[in-house]
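S.K.: Have a look at this one before I ask anything.
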Amino acid sequence: PKTAFRLRCNFQMWHESEGANLHYVMYDGDNAERTPLRVEDFPRGCAETQRLMPLVLEALRGDDVLRDKVHEVRYHTTLHGSTVVVLVYNRPIDDDKVWRSKAEALAKTLKVVLVGRSSKVRITLNGDAPRVREQLRVAGADYTLFQLEGEFSQPNGRVCEKMVTWAVERTAASANDLLELYCGNGNFTIPLSKNFRKVLATEVSKANTECARDNLKANDIKNVQFARLNAKETSEALAPGARPFKRMTEARVDPSTLKLETLFVDPPRAGLEPAAIGLARTFETILYVSCNPETLSDDIEQLSHTHDVSHAAVFDQFPYTPHCEAGVVLKKRAGVDLSSVPAPRAREKKKSKRYAGKRKDRGKEGGGGKKKGGGAAKK
């Protein structure tokens, strides 16, 4: 879709000097001065986000308690209208009974789950949990997926359906078991599970792991096990003669019963860490989905010692930006001797020029640290 495609949108709030005049703002990442850009409307946001934006703004402008030091508003929606609105404050709200009462009334008026956030506090109103319920159509089947507020989820639902369908179709001939790293809430895991005898999916986030298990139940999937492990721990747990991992035992995972031949990864923008590269080289098939073509290219170069690319695709997940999502399938070459392959290398971390410049400027001022009244909320 060319408009109304974005399901997650975050806006900072700009307070005019009188306090009652409030605006949504965003910032140009290439502008070192961090000049706020007022957002009057947002056609990239889904229809529900566009409906809610003026209503929330009007409610905040008209109420001193709700408006007081509100710093950010976030919208998390789905293709089918389930919505969480998040109000982020630069003040404590946990003991503010007046705020809670007014926020709950707003949530009921808007018919959304409303979350209030301040330092180390999250309050959920008008709902049993801070999450939305999505339904995706993938390869001719419907899947229900809960998505947590504050945890990663795909921001473009229609393109997400295309991506997951592509992944399912690329693994349709598989007959053995699947390992997935960085599985999140099971967005890919659950549709992919129909192509495999068993699936082991790992994720370091406790909240996402629990959400993924809820998604298993919602879709009545029986052949998937989730374990809360990072990529390095997963590599160690699956190594021959590995020591027992408590979290694998708690998840009732017995690695000896698995015949893992296919690996699926959808890592963060930083790409695969060395342990994941080393583990990937042992698999017959690697299915890799990436939101950063630069780190994907670097990882493919490291995997090219053992594998060849057999399929590739690009998905316009982020229209009107230079970003895109890419997918590749890699097949292991016959007769590869892993002992002769160079060891996986760690990727050099890139430093943000903008924040590096700010740190340099603070050093010149002779203090460092935050200055009273500074930052985006100065006004």
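The values are calculated or read from the model by the stated rules, or taken from the named source; none is laboratory data. Please read these numbers as outputs of a predicted model, since none were measured by experiment. We place every Cβ from the backbone using ideal geometry, glycine too, and count neighbours over all the protein chains shown. Ligands, DNA and RNA are stripped out before the accessible areas are found, and what is left, the full protein with its side chains, is counted by its heavy atoms. Shrake-Rupley method; radii C 1.70, N 1.55, O 1.52, S 1.80 Å.
S.K.: Can you tell which of ALA227, ALA32, ALA167 shows the greatest fluctuation in a Gaussian network model of the chain with Cα springs below 10 Å?
M.R.: Among ALA227, ALA32, ALA167, the largest mean-square fluctuation in the Gaussian network model of the chain belongs to ALA32.
S.K.: Taking R0 as 41 Å, what FRET efficiency do you get between SER256 and ALA129 from their Cβ-Cβ distance, rounded to the nearest 0.05?
M.R.: 0.70
S.K.: Once both labels are modelled 7 Å past Cα along the beta-carbon direction, what's the GLU151-ARG197 spacing in nm?
M.R.: Simple spin-label model gives 3.0 nm for this pair.
S.K.: Using Cα-only point scatterers and the Debye equation, what is log10 of I(q)/I(0) for the range 165-216 at each q in 0.26 Å⁻¹, rounded to two decimals?
M.R.: -0.98
S.K.: Using amide H atoms built in the peptide plane, which far-off residues or other-chain residues are under 5 Å from GLU72 H to H?
M.R.: Under 5 Å from the amide H of GLU72 lie the amide H atoms of MET13, VAL88, each far enough along the sequence or on another chain.
S.K.: Using 7 Å Cα-to-Cβ label points, what is the ASP337/ALA175 separation (nm, one decimal)?
M.R.: 3.1
S.K.: Efficiency by 1/(1 + (r/R0)^6): what FRET value for ARG51 and ALA270, r their Cβ-Cβ distance, R0 = 45 Å, to the nearest 0.05?
M.R.: Step by step, r from the Cβ atoms, then E = 0.80.
S.K.: Short version: ³J(HN,Hα) in whole Hz for each residue of the range 172-178, in order, from phi by Karplus 6.51 cos²θ - 1.76 cosθ + 1.60 (θ = phi - 60°), x for Gly and Pro, what are they?
M.R.: After applying 6.51 cos²θ - 1.76 cosθ + 1.60, I find 5, 8, 5, 10, 10, 10, 10 Hz.
S.K.: If you don't mind, another one. Which number comes out as Rg/Rh for the chain once both Rg and the Kirkwood Rh are worked out on C-alpha atoms?
M.R.: Reported Rg/Rh, Kirkwood definition of Rh: 1.00.
S.K.: When the accessible area of the range 224-321 is split by element with a 1.4 Å probe, what percent falls to carbon and sulfur?
M.R.: 52
S.K.: Could you tell me the relative contact order of the range 242-319? Use alpha-carbon pairs under 8 Å, at least six residues apart, and round to a whole percent.
M.R.: Contact order relative to length: 28 percent.
S.K.: Something else: Calculate how many DSSP beta bridges within the chain are antiparallel, expressed in % of all such bridges and rounded to the nearest 5.
M.R.: If we restrict to bridges inside the chain, about 70 percent are antiparallel.
S.K.: Any idea what diffusion coefficient the range 125-254 gets from Stokes-Einstein, in µm²/s, Kirkwood Rh on alpha carbon pairs, 10 °C, 1.306 mPa s?
M.R.: 104
S.K.: Could you pull out the trypsin sites (Lys or Arg not before Pro) across the range 104-154 that fall in loop regions by DSSP (anything but H, G, I, E, B) with no more than 13 other Cβ atoms inside 10 Å?
M.R.: Sites meeting the loop and neighbour criteria: LYS111, LYS120.
S.K.: Whole number in Å², please: accessible area per residue of the range 208-311, 1.4 Å probe, ligands, DNA and RNA not counted.
M.R.: 47
S.K.: Determine, from the Cβ-Cβ distance of ALA239 and SER17 and an R0 of 45 Å, the FRET efficiency 1/(1 + (r/R0)^6), rounded to the nearest 0.05.
M.R.: For R0 = 45 Å, the calculated efficiency reads 0.15.
S.K.: Would you mind calculating the gained length between LYS246 and THR321 on full extension (0.36 nm times residue separation, minus the Cα-Cα distance), in nm to one decimal?
M.R.: 22.7 nm
S.K.: Roughly speaking, what % of Cα-Cα pairs in the range 257-327 are separated by over 18 Å, rounded to a whole number?
M.R.: 37
S.K.: To continue, here is another question. What residue among SER17, ASN185, ALA313 has its Cα farthest toward the positive end of the dipole of the chain, where the charges are +1 on Lys, Arg and -1 on Asp, Glu, each on the Cβ?
M.R.: It is SER17.
S.K.: Normalising by the residue count of the chain, find the relative contact order in percent from Cα pairs under 8 Å and 6+ residues apart.
M.R.: After rounding, I find 11 percent.
S.K.: Let me ask another. Skip the ligands, DNA and RNA, and give the accessible area per residue of the range 41-109 with a 1.4 Å probe, whole Å².
M.R.: 47
S.K.: When the Kirkwood radius is taken over all Cα pairs of the range 1-105, what Stokes-Einstein diffusion coefficient follows at 20 °C and 1.002 mPa s, in µm²/s?
M.R.: This corresponds to a translational diffusion coefficient of 146 µm²/s.
S.K.: In whole Å, what three semi-axes, largest first, describe the equivalent ellipsoid of the range 191-292 built from its Cα gyration tensor (square root of 5 times each eigenvalue)?
M.R.: Computed over the range 191-292, the values are 19, 17, 15 Å.
S.K.: On the protein heavy atoms, probe 1.4 angstrom, tell me the percent of accessible surface of the range 1-143 carried by carbon and sulfur.
M.R.: 45
S.K.: Rounded, prolate or oblate: which fits the range 48-171, taking a ≥ b ≥ c as square roots of the Cα gyration tensor eigenvalues, rounded meaning a/c under 1.5, else prolate when a/b beats b/c?
M.R.: Taking the square roots of the gyration eigenvalues as a ≥ b ≥ c, the range 48-171 is prolate.
S.K.: Can I ask one more? Is there a pair in LYS69/LYS97; LYS111/LYS217; LYS206/LYS259; LYS194/LYS259 whose C-alpha atoms are over 20 Å apart, and which pairs would that be?
M.R.: LYS111/LYS217; LYS206/LYS259
S.K.: Something else: As a test of understanding, state the convex hull volume per residue of the range 53-120 from its alpha carbons, in Å³.
M.R.: Dividing the Cα hull volume of the range 53-120 by its residues yields 81 Å³.
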